[in-house]
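Each reported figure results from applying straightforward, stated rules to the coordinates on display, with no laboratory input. Because the structure is a prediction, the values reported are computed rather than measured. With ideal geometry, Cβ positions are generated from the backbone for all residues, glycine too; neighbour counts draw on all protein chains shown.
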């Protein structure tokens, strides 16, 4: 004996499935590695590198603020870096321009970059509009001192190099006695990053 399913019930079921699939699609990021990360978290070099589309050490050469006439959603700040050490999708010696959504530059957030500042940057792959941002916010940028050192707390240092591929780097993670915080030579970090991105 066959049972007849009312047409209204079928249509309602189809609509519910369609709405559910639409909601699921909207929640998924374009790139699964570009999921939101807590800004103050510490990640290993491997985790940062897996999420990044551009990695380099460089100096801030130019900051271009957007015109006030543009709408909030289309306003971009353009930052030009002189690349000192290109690691992923950046070449040493070149000028590279990245575009960040101007909403990240709210007055309450303070100055995001300063001219002449030296940084090791992990940027997401640029979106279709060309905009990007550091991986995990503050987690994806490291200040470089005049002595080519990256300042890290002991905990951050341990987390940064926790990848199994980087176990041999422990002897090179010497702290600079002149600093209250620990530091690691930029050359050590760059060498470790090349090992990670080459996999």
For the range 42-65 versus the range 124-157, the gap between their alpha-carbon centres in whole angstrom:
5
Rank-order 56-66, 182-192 by packing density, defined as the average count of other C-beta atoms within 10 Å over each peptide's residues, highest first.
182-192, 56-66
